[in-house]
Structures are given as structure tokens and as C-alpha cells.
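This report refers to the structure that appears directly beneath it.
Nothing in this text is a laboratory measurement; each read-out follows from the coordinates by a stated rule. What you see is a predicted model; the values in this text were computed from it and never measured. Every residue, glycine among them, receives a Cβ derived from its backbone with ideal geometry; neighbour counts consider all protein chains shown.
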Amino acid sequence: MEYKKTIGIEIHCELKTNTKIYSDSINGYGTTANSNVNVVDLGYPGTLPTLNENVIRTALKAALILNCDINKIMHFDRKNYFYPDLPKGYQITQAETPIGVNGYVMIEVDGTPKKVRIHDIHIEEDTCKSIHYKHHSFLDFNRAGVPLIEIVTEADMNTPEEAMAYVEKLRELFLYADISDCKIEEGSMRCDVNISISKTDELGTRAEIKNIGSISNVGRAIVKEAERQEELLENGEEVCFATYRYDEKNDKTIMMRVKEAGNDYRYFPEPDIPFVEITDEMIKEVKDSIPMLAGERRKEYEKRGITTLNANKIIQNRIISNYLNLFLDTDINFVIASNLLLGDISAYLNKSEKSIFDTNLYKDKFIDVVNKLDKGSINSKVFKDILVDLMETDDSVDEIIANKGIKIISDPNELINVIKTVLDNNASSVSDYKGGNERVIKYLMGQIMKETKGSANPELVNKLLLEELNK
Amino acid sequence: MADCLTREEVLHVARLARIELTEEEIEKYRYQLKTLMDDVDKIKDVELKTEERLISPATENATLREDTPGEMLDPEEIMKNVPESNGNFVEVPVMIDE
């Protein structure tokens, strides 16, 4: 009989706010060490916390997206522990009245949907960042007081794939709702995985793997930790209730420390922050501010003929997706639009390090150019030629085409002459075609485009060429 | 009720505070901490007039702060107040685990 894995996940996300949670210093690290710091962040005696409204609203947004019940009257709690990364000696967090409880999120593995229940989502402050070097540790308080939300699941997952799908789902939700950057590699999203194995319905002793640095490592760490626990149990030994980390280089989990009991933290309500009331009005405002999320976008794109692969590519780039969404109420060809955005336009944006919203590709210009491509009145070569002007000038598509001296031959009489010349010069291809080889059409098209220096209306050429060949 | 804490209880508290105690100190604190705890315990004798939870002396709900940056400290000023520094960093003896 196989061991069954039971997995629960705790995720910390840094919230995208201007200032810290309990002080008005800037929420930004990665800049000069200890430059975004004030007396509150340093835990100076006599300082008091002031609660950032945006933190409450952003955390509320996360709780609503995760279908949680909201604690409308909530308070904060002190978690006491003595450590240099926390100079005031306690972390202000939420233990008794987390902002959201009893939520859930739907995940999908190999087409099978599964509900992962959310135990709670609570608000707390980050600690300072410490860098260890030989016999010293160096502290940077820029991170101290950065707002975090912690999302705790029930132990509802049973495979590494489900765990990875959950983390990915949460990341996508939070990115689209503008809650967090969710950069796992840079630490703005941190995953702790709890895992135990058992052959019976009774759960085994769990181990916690802390701070896993990527979604794929979440899967690897679970596989390796389950293997380790299985070996222990098979040898008649016991799993120790402890904290581990995943060592990517050696692909194994390494014990960090035996866990302290929860009551050693001596939680008690934070007396410096009175009760916080979440009003129905605030809930409504926050609900209304939630944009279309990734899952819904994917459905809209696929409904308009975009492949799953391309829909996912667009969703990976929120700005491009936001741009494409401007056209959801128009009847442009979304397949062409998505190909342009993922192809030449993305290449241009990457090269020029611009956001599409900072270019001159206004809504009506984009509609015009997509429609022209759709009708075949310009081809992709012309699009490439006018791309920079589309992005950088205020001129209309027609003006750009005229200014660039690009001639688009849409006169059938003119084209017929070119086609006839090309067919005369390629008699062998023509007989190949008559012999049933349809592939020569592509070659002949190429010759005609070459003859017209790419200025022929491709759809018209195709039509006229077939007529001529079938005569 | 015992009139002093056990040796283990004192050592446990010392470990949470990350301090080292001599044998003499352990003995001394077994009694001192007990006195302290008894003093705090007196709060349990207060007769409550309400069932309502009270977490703060403030009777109003929390006022929330606007998310706009205020003044911050100059790193140089911060370093004047720390025992050891290294460049812009606060330096402390190496922290074990984590």
C-alpha cells in the first residue's frame, strides 16, 4: 500500500502599497540599505503604530477574491519573540481575528478541478532583512514593516502537482488583482509547505519546508521530503516535527530547527491599535475595484478564437492583456490582434523598453490596422514597415502608409499583368500545379510579391492567381 | 501553590529571552519571578462590569492612515544610535538558524 501525502501551504505576499503597514516610510527595498526607515520601523521607545488604510483595502481585496468570510470587527495581536530582525521584540500580526476566514480557491490538475480551502488570510508586518557573513549579521530595515498577507490553506492537497497548481493560481489571482508583485525568486511571495505522509486516515507527523524559492521547487521539495519521510517510516523510525529548507543544489530537504511550541510566542491583543471596523461600504468599494481576473480573461480570449497557448502567453503579460481587453467590446479579429501583440509589437516594446500604453498605438489606430490585415488590404510585411511609425507618431495608418510611399496594388488589372508575367516565366511550376501539386502556389505567390516589391494586396493576388491557374 | 518557579521554568524563560544565567541567578529568579507573577495575577481578581472585549484604552475604532509617504531618517543618523554598524548596515553578532 502506498503512502498518501497530505499537504498544506502557507504563503506570504508583500502588498503593493506606497508606505509601510504601521508607519509612513516608503515601502521599497532594494534601494540603499536603511534609507526607507523611520523611528517606528526601528522600534524606538515611545513610538506608536498607525495603520495604513491601503493595506486593509488590499488585504480585503485578497480575502474577497479567495471567497473568505470577512471579520468585520478585527484587531491585531502581538507575537513575541526575541531576535535581532525585530527590534521591538514582537511582530504585530493577526492571530485571533484574521481579516478573512473559511475561503477557498479552485485549482485544476490535468483537467480535474479541485477545491483548496483557505483556513485564513491575515495581515502582518515583515521583519528586517538580514545578511549573514562569517561571525556577523548585517541588518537592513528597509524591509521592516513592509505589509504582508499570509494565506493559510487547509491540508487539502495530496500531490506535488496540486501544490504547484495552487501556488500558480494564487500568484495569477494576486498579480491580476494588483495585490502583490508575486516575485517568488525575489522574495515578494514566499512559500512554506507542510507535508506529512500516512497509509491510514490518521495523519502522520508533519514537517515544514520553509521559504521555497520557485514554483517548480515547491514540487521538487515535496517529492524529496515525502521520500525522506517514507524511508524513515519504512525503517521503523519517526518523523520529527521540525522546520526544513529545500537545498536546490543537492535536491534534498535539510533540517533547520525543531519547532518552538506556539504558546512560546505569548500572543496577546495589540493595545496600540484599537478595533478596526470593515464597513459594508468599504467591502462594496473594494469588490467593485477588482478587475477581470486571469481565469475570466482566458475564457474571453478562447471564445474569440485565440489558442490556449497564445491566451496563456498573453495572460503572462498583464499589460498586454490589459491592452487587448480594450477591444473586448469591438469586433476586431482577435487572432490577428493577439498575433501582432505577441509578435512584432512585443519585440518592439522589449527593444524600446516601453509599455504599450506609453506608445502612440491608440485604440482606433490598432482597430484600423487589425482590420486592414484582416481584409488583406495590407500584409504582414507592410505592418512591419509601418510599425515604428504606428508606435511613435500621431499619424493615422493611411497617413503612415502614404508618407512611407508604400503602394498597395489593389487594382486587379495591374495585378493580372504581373501574374501573367510570373506564370510565363515559371511554366514548369504551372504544369506542376496542373499535375496536382498545389504546393507551388506558395512559390508563385512569393514570386508575384517579389515582382511587386511586396506591395500587392495578398488576398487579391491569391484569388486572381487561382483563377488564372484554373483557366 | 508553590512559592517559587522550577529551575526548568526559569531556564525556559531565559531561553526565550536569549540570555544566559549563572546558577546563582537561576536560584534568585525562581523566587523573584514568582513574586512578579503573583503581582500580575491580582488582575484576575478585578470584577468585570461588562462582557465586552477590551483591547485598548481607546473607545473609538482605529483611525486609518492615508497611504502617503512621510519623513524618514538619514541612514547616518540611524547608525549613531546602533552599537555596531558597517556602511549603511546595522551589524549584530551572527544570528543562528534562519
**Message:** About the Cα centre, and with charges only on the beta carbon of Lys, Arg (+1) and Asp, Glu (-1), how big is the dipole of the range A:299-415? Nearest 20 debye, please.
**Reply:** 540 debye
**Fill in**
Taking a crude spin-label model, label points 7 Å out from Cα along the C-beta direction, the B:Thr22 to A:Glu438 distance in nm is 9.9 nm
**Request:** Mind giving me the nanometre distance, one decimal, between the label points for A:Asp374 and A:Lys299, set 7 Å out from Cα along Cα→Cβ?
**Result:** 2.3 nm
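Report, for chain A, the % of DSSP beta bridges that are antiparallel, rounded to 5. Don't jump to the answer; show the numbers that get you there.
Values: 58 of 62 bridges.
Among the beta bridges of chain A, antiparallel pairing accounts for roughly 95 percent.
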**Request:** For A:Asn67 paired with A:Ser214, estimate the spin-label separation in nm (one decimal), with each label point 7 Å from Cα along the Cα-to-Cβ line.
**Result:** 3.2 nm
**Message:** Quick check: the distance between the Cα centres of the range A:135-198 and the range A:232-309, to the nearest angstrom?
**Reply:** 5 Å
**Asked** Going by alpha carbons, how many degrees (0 to 90, nearest 10) lie between the helix axis of A:294-303 and the longest principal axis of chain A?
**Response** 20 degrees
**Estimated FRET transfer efficiency (A:Glu231, A:Thr307; beta-carbon r; R0 45 Å; 0.05)** = 0.55
**Message:** Taking just the alpha carbons, could you work out the radius of gyration and Dmax for chain A, both in angstroms?
**Reply:** 29.8, 95
**Asked** If you stretched the chain out fully between A:Tyr83 and A:Asp385, how much longer would it get, using 0.36 nm times the residue separation minus the C-alpha to C-alpha distance?
**Response** 102.6 nm
**Prompt:** For the range A:168-259, how big is the tail of P(r) above 22 Å, as a whole percent of Cα pairs?
**Reply:** 34 percent
**Prompt:** If you place +1 on the Cβ of every Lys and Arg, -1 on the Cβ of every Asp and Glu, and leave all else neutral, what size is the dipole of the protein assembly as shown about its Cα centre, to the nearest 20 Debye?
**Reply:** 2300 debye
**Complete:** For chain A, the longest principal axis of the Cα atoms and the Cα long axis of helix A:412-425 enclose an angle in degrees, to the nearest 10, of 80 degrees
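Using only alpha carbon positions, build the gyration tensor of the range A:295-403, then give the equivalent ellipsoid semi-axes as the square roots of 5 times its eigenvalues, largest first, whole angstrom. Could the numbers behind the result be given before it?
Values: eigenvalues 99, 49, 28 Å².
In descending order, the three semi-axes are 22, 16, 12 Å.
Cut-off is 10 Å between beta-carbons; in what order do A:Lys404, A:Lys16, A:Lys134 appear when sorted fewest neighbours first? Don't jump to the answer; show the numbers that get you there.
Numbers: A:Lys404 13, A:Lys16 16, A:Lys134 6.
Going from sparsest to densest Cβ surroundings: A:Lys134, A:Lys404, A:Lys16.
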**Fill in**
Taking 0.36 nm per residue of separation between B:Leu11 and B:Asp38 and subtracting their Cα-Cα distance, the length gained on full extension comes to 7.8 nm
**Request:** Please give the helix A:215-234 orientation as an angle from the longest Cα principal axis of chain A, in degrees from 0 to 90, rounded to the nearest 10.
**Result:** 50 degrees
**Request:** Go ahead and collect, in residue order, the members of the range A:28-64 whose backbone nitrogen is under 19 Å from a label point 7 Å along the Cα-Cβ direction of B:Asp74.
**Result:** A:32-40, A:42
**Message:** Please enumerate, by chain and number, the lysines with C-alpha under 22 Å from the C-alpha of B:Lys80, excluding those fewer than 8 residues away in the same chain.
**Reply:** A:Lys88, A:Lys129
**Item:** Pairwise centroid distance, computed over Cα atoms, of the range A:444-467 with the range B:63-87, Å
**Value:** 69 Å
**Prompt:** Out of A:Tyr29, A:Val40, A:Asn71, whose Cα points farthest toward the positive end of the dipole of chain A (charges: +1 Lys, Arg; -1 Asp, Glu; placed on Cβ)?
**Reply:** A:Tyr29
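Evaluate E = 1/(1 + (r/R0)^6) for A:Asp288 and A:Thr330, where r is the Cβ-Cβ distance and R0 equals 22 Å; express this FRET efficiency to the nearest 0.05. Please list the in-between numbers first.
Details: r = 24 Å, r/R0 = 1.09.
Approximately 0.35, to the nearest 0.05.
How would the range A:233-345 be classified by its alpha-carbon gyration tensor: rounded, prolate or oblate, with rounded meaning a/c under 1.5 and the a/b versus b/c comparison settling the rest? Mind showing how you got there, number by number?
Working: a/c = 3.78, a/b = 1.55, b/c = 2.44.
In terms of gyration-tensor shape, oblate.
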**Item:** Cα-based Rg of the range A:412-469 normalised by 2.2 N^0.38 Å, two decimals
**Value:** 1.00
**Asked** By the gyration tensor of its Cα atoms, with a ≥ b ≥ c the square roots of the eigenvalues, what is the shape of chain B: rounded for a/c under 1.5, prolate for a/b over b/c, or oblate?
**Response** oblate
**Request:** Based on other C-beta atoms within 10 Å, arrange B:Phe89, A:Phe76, A:Phe174 from fewest to most.
**Result:** B:Phe89, A:Phe174, A:Phe76
**Asked** Taking the Cβ-Cβ separation of B:Glu51 and B:Val94 as r and a Förster radius of 51 Å, what is the calculated FRET efficiency to the nearest 0.05?
**Response** 0.55
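Using a 10 Å cut-off around each Cβ, can you sort B:Cys4, A:Cys68 from fewest to most neighbouring Cβ atoms? Display every interim value, and only then the final one.
Working: B:Cys4 15, A:Cys68 22.
Ranked by crowding around the Cβ, least crowded first: B:Cys4, A:Cys68.
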**Prompt:** Just for the Cα atoms in the range A:107-216, what are the lengths along the principal axes, largest first, rounded to whole Å?
**Reply:** 46, 35, 25
**Asked** Under the definition of Cα pairs under 8 Å and six or more residues apart, what whole-number percent is the relative contact order of chain A?
**Response** 14 percent
**Item:** Counting all C-alpha pairs of the range A:1-57, share separated by more than 15 Å (%)
**Value:** 62 percent
**Fill in**
One finds the C-alpha centres of the range B:26-46 and the range A:350-378 to be spaced, in Å, by 75 Å
